[in-house]
1. Show log10 I(q)/I(0) for the chain at q = 0.11 Å⁻¹, two decimals, from a solvent-free Debye sum over equal Cα scatterers.
2. Helix 80-103: angle to the longest alpha-carbon principal axis of the chain, degrees 0 to 90, nearest 10?
3. Name the most mobile residue of Ala86, Ala18, Ala55, meaning the one with the largest mean-square fluctuation, in a Gaussian network model of the chain with Cα contacts below 10 Å.
4. Quick check on the chain: helices-only [θ] at 222 nm, where DSSP H runs of length 4 and up contribute -39,500 (n - 2.57) each and the sum goes over total residues. Nearest 500, please.
5. Give me the angle, in degrees from 0 to 90, between the Cα long axis of helix 54-71 and the longest principal axis of the Cα atoms of the chain, rounded to the nearest 10.
6. Note the angle between two axes, namely the Cα long axis of helix 2-35 and the longest principal axis of the Cα atoms of the chain, as a number of degrees from 0 to 90, rounded to the nearest 10.
Amino acid sequence: MRAALARTWGRLGWRGLALASSGVAWISYGSSIAIQPRYGTVRGISVLLDLMCMAAWGWLWIGAGLLALGFSVARAGRDLVGVSAAMGPPLLWSLAYALGGLSGTSSTAWGSVAPWASHALLVAIVAYLTRPQVIVPRMVARGDE
């Protein structure tokens, strides 16, 4: 059992864990807004509802979650699609809530801007801190040898 856990952790690491947990969260959240969206969510992101219905937005979240979950086992540097999928929907939601607050469609939308944006920021921080290190040989100028 320990060996299996060690292999799994060796494959995932912190970066993969961030993508996997985001993926599961987005699949869950997308399912909830596709099936039974909350009134506050609909009101807060009303600026997006001219583009697609809530069920379609829910499926977009589910799709992003599946991508993030699928790319969680990819090596760092080859998982940029998964990182984008983990960051994209919460950034879009943050922007939609900001626009909803500014347009006056929801007086409480401003309260959802920072929580959604912070998730995307945390994924970006983990992705940055776990990026592959590129080793570039030092160039030696002629005469410096």
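Coordinate-derived values only; no laboratory data. Keep in mind that what you see is a predicted model, and the values were worked out from it rather than measured.
1. Debye intensities relative to I(0), on a log10 scale: -0.50.
2. 40
3. Taking springs between Cα atoms under 10 Å, the residue moving most is Ala55.
4. Calculated at 222 nm, the ellipticity per residue is -23500 deg cm²/dmol.
5. With rounding to tens, the tilt is 20 degrees.
6. 20
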